Amino acid sequence: MNLREQDLSLRASFRRIANNLPDIKSALAVWTIAATLLIQQSVITRISQRADFHKSNAALSEAGSVFIDQKSETRFVRVTDSRDGQTALARRINNSSFNMDSTRFVVSLDGVAMLYSFDPSVFGVRKQGPLLGSIELQSSSCQWSAVEADTIFGLDSADAARLYAYNTKLGSYTLLKDFSGVLGNGKAEQLSKSWFDDNHFAFTWREIGSSESLVVVWDKAADSAFTFHVNDPVDGVRGFNGAHLDRSGEALIVNGDVTRVWRYRNRPQSEAVQLESSGDDLNAATEQGGSFELFASISRPSDLPRGDVSRDGRLSIFSSQAGSRTDVFIASVTATRLLRASLGPIL
């Protein structure tokens with residue numbers, strides 16, 4: 001190509017660019033406007049979130065205060081504050097801190113189980129006092145009755161396997177079963193029960209001064225006991241860290257290095273089914289992260305913890321960072337998104 005031909009080619013290219021310049025400018029303008037809108041939306045969202053944070057923080061400044069998020073219509077109530085000392089909720093599997101009709105719940109304050117009354121219609125909270133009376137029960141594993149709103153079950157905190165029913169309204173105890181005559185002296189812990197009735201209970205037991213561990217299942221209606229030998233070299237569970245009944249009460253779930261499910265009524269321990277997932281994997285879904293911050297998630301109800309919910313699935317009780325301390329809150333939640341805490345039939 002000679003110089004004249006190159007010159008003509010360059011002129012043609014410049015003319016094409018010049019002709020397309022308005023389209024290029026238009027496209028650039030569109031992209032500039034879109035980017036500006038996205039940036040503005042991001043800034044508005046951050047400002048709105050900060051506003052929600054400060055508004056909810058101010059509204060939920062002390063125990064008993066209520067806040068309703070206008071976007072999601074989620075209702076919150078603060079249960080504890082700096083006047084209550086160190087707070088904690090018991091770890092729950094197939095159980096709830098709320099009683100049968102959500103009119104009472106339990107929170108640990110400085111290691112003491114405290115009973116609260118609750119009015120779900122107005123989110124009214126009132127501290128009633130220590131949960132237990134003259135007989136000290138293991139409050140961390142107390143289980144509310146499925147059929148009586150005032151009744152809670154617990155194990156004797158002494159070195160004896162005794163199961164009690166305690167009426168929180170009357171302050172009276174009923175001894176349901178004394179296993180010490182069969183098991184001897186030892187430590188009974190980790191009480192669990194069926195979700196739908198009060199006929200099936202289970203607890204772990206360890207003889208004092210021994211590494212031997214058992215899990216005892218009791219059928220209250222038939223007054224029959226079944227024993228899972230954790231340390232069995234063939235059919236036991238190494239690295240044992242806990243056991244509980246499924247929701248129906250028909251199967252015992254034993255966790256450790258592996259997880260075994262035992263249909264105790266009609267199967268020997270040797271026929272307990274080993275699951276592929278470990279006990280740690282199964283329990284991880286029920287763990288409630290202590291780092292949850294309610295005020296940072298106040299307008300996102302889907303982020304709220306649901307490891308400890310009421311029986312109707314409409315209330316969640318959880319711990320949250322509140323300034324320099326951790327406090328307990330209750331929130332209204334939908335009944336459809338519940339965590340599957342164990343291997344029950346359905347939740």
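The values are calculated or read from the model by the stated rules, or taken from the named source; none is laboratory data. What you see is a predicted model, and the numbers here were worked out from it, not measured in a lab. Neighbour counts are summed over all protein chains in view; Cβ atoms, including those assigned to glycine, are modelled from backbone coordinates with ideal geometry.
Quick notes on this one:
- Within the range 252-279, the only residue that satisfies the criterion of being within 22 Å of the chain's Cα centre (by Cα) and loosely packed, with under 15 Cβ neighbours inside 10 Å is Ser277.
- Failed condition for Leu176, given (1) assigned to a strand (DSSP E or B); (2) without any contact (Cβ under 8 Å) to a residue 24 or more places away in the chain; (3) more than 28 Å from the chain's Cα centre (by Cα): (2)
- Strands (runs of 3 or more DSSP E) within the range 184-228 that include 1 or more residues in contact with a Ser or Thr (Cβ under 8 Å, 6 or more places away or on another chain) and farther than 23 Å from Thr174 by Cβ: 200-207, 213-219
- Flag if Ser224 is in contact with a strand residue (DSSP E or B) (Cβ under 6 Å, 6 or more places away or on another chain) and at pLDDT 95 or above: no
- Residue count for the range 136-158, restricted to those that are more than 16 Å from Ala202 (Cα to Cα) and touching a Cys at 6+ places or on another chain (Cβ under 8 Å): 0
- In the range 64-84, the qualifying residues are those that are among the small types (Gly, Ala, Ser) and touching a helix residue (DSSP H, G or I) at 6+ places or on another chain (Cβ under 7 Å), and the one that is farthest from Val328 (Cα to Cα) is Ser72.
- Lone unmet requirement of (1) of a type in the set (A, V, I, L, M); (2) in a loop (DSSP other than H, G, I, E, B); (3) surrounded by 15 or more Cβ atoms within 10 Å (Cβ to Cβ) for Leu170: (3)
- Filtered residues of the range 161-215 (kept if in contact with a Gly (Cβ under 6 Å, 6 or more places away or on another chain) and more than 24 Å from Asp150 (Cα to Cα)): Trp205, Arg206, Glu207, Ile208
- Inclusion of Ser302 among residues that are modelled with pLDDT under 90 and either acidic (Asp, Glu) or part of a loop (DSSP other than H, G, I, E, B) (or both) is not warranted.
- When we screen Gly242, Gly290, Gly249 for residues that are at pLDDT 95 or above and under 22 Å from the mean Cα position of the chain (by Cα), the only hit is Gly249.
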